Amino acid sequence: MKKAIIIIVCIILAIAIILLGYGYARKMTEEVKNPIVTMEIADYGTIKVELYPDVAPNTVTNFVNLVQDGYYDGLDFHRTIPGFMIQGGQNTGADALDYCIPGEFIANGYKQNTLKHEKGVISMARADYSSMGLAEEGYNSASDQFFIMDETTPSLDGYYAAFGKVIEGMDVVEKIADVEVIYRSDELAEDAEVPTDEEGNQIASDTPVNKPVITKMTVETFGVDYGEPETVEPFDYTSWMLEQYYSGQHTH
């Protein structure tokens, strides 16, 4: 009798171990789905973008958080260039972000991101201070603005944090890229009042006459909690300029 009980207990334990092992193996082999962002653009349609956490995890985390907070709802695409890209997410109001995120791209020492800026790829916009000899100060200046490629542009590879790609609605991207703008540097409207700088040179612009509005942006994370992004303090370009100005005065 005692031997029979031991055998039964052993069988039960064996079954339990098999079931646990099967569950663990299934969990380990199940593919974790990438988050999918849906952008609803008034009068244009819907764009769906798959984000790549394995390529740029902190960039994805930041973007997912902003989408979940409704940050992009009501914002627009403020810069459109056919054959290049469309840029959106600019918020200069009271809700503008007061932080930046580290740039996850090769020029900034981040080797994991090898995603190329091909047509349909989404990437983070950032400041460019290279003309002032401050290239690295712009590397960690991205926060909320993003752009979607309308055409493959290799010159951006390794210098901007690409983090996903359009999976539906590329035709919408193309329509937005081709909207009427105030003027273009190489194709000026006959009656347009084109701004010029102090030397009389024409200032290029790619601002849409009627900016396409993001009415709603949502994200499906398939149950994954991406947590909070790592952030950095924004580079204070104005203070830097003032410092250079006053230090220059003291040397005369």
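The values are calculated or read from the model by the stated rules, or taken from the named source; none is laboratory data. Worth saying up front: this structure is predicted, and the values here are computed from it rather than measured. For neighbour counting, all protein chains shown are included, and Cβ atoms are generated from backbone atoms with ideal geometry for every residue, glycine included. Just so you know, the surface numbers come from the protein's heavy atoms only, side chains and all, with ligands and any DNA or RNA stripped out. Shrake-Rupley method; radii C 1.70, N 1.55, O 1.52, S 1.80 Å.
Side notes on the structure shown:
- Flag if Ser239 is among the small types (Gly, Ala, Ser), in a helix (DSSP H, G or I) and at pLDDT below 95: yes
- Hits in segment 208-229 (condition: loosely packed, with under 13 Cβ neighbours inside 10 Å and either of a type in the set (Val, Ile, Thr) or more than 20 Å from Gln90 (Cβ to Cβ) (or both)): Val209, Phe222, Gly223, Asp225, Gly227, Glu228
- With respect to the conditions (1) more than 27 Å from Thr46 (Cβ to Cβ); (2) in contact (Cβ under 8 Å) with a residue 40 or more places away in the chain; (3) out of contact with any strand residue (DSSP E or B) (no Cβ under 6 Å at 6 or more places or on another chain); (4) crowded, with 20+ Cβ neighbours inside 10 Å, Tyr139 falls short on a single one, namely (2).
- Residue match in segment 38-50 (condition: in contact with a helix residue (DSSP H, G or I) (Cβ under 6 Å, 6 or more places away or on another chain) and either among the hydroxyl-bearing types (Ser, Thr, Tyr) or modelled with pLDDT under 95 (or both)): yes
- Of all residue pairs spaced 6 or more apart or on separate chains, those with beta-carbon atoms under 8 Å, a first member in segment 146-168 that is farther than 19 Å from Pro53 by Cβ and a second member that is of a type in the set (Ser, Thr, Tyr) are Phe147/Ser123; Met149/Ser123; Leu156/Ser123; Glu168/Thr46.
- Residue within segment 83-101 that is β-branched (Val, Ile, Thr), closer than 19 Å to Asp150 by Cβ and either assigned to a loop (DSSP other than H, G, I, E, B) or within 16 Å of the chain's Cα centre (by Cα) (or both) present: yes
- Leading residue by the ranking (nearest to Asn210 (Cα to Cα)) among those in segment 36-86 that are in contact with a Leu (Cβ under 9 Å, 6 or more places away or on another chain) and open to solvent by 20 Å² or more (accessible area, probe 1.4 Å): Tyr71
- Hey, Gly223 modelled with pLDDT of 95 or more and on the phi > 0 side of the Ramachandran plot or not: yes
- Yes/no for Gln112 being within 17 Å of Leu156 (Cα to Cα), open to solvent by 50 Å² or more (accessible area, probe 1.4 Å) and at pLDDT 95 or above: yes
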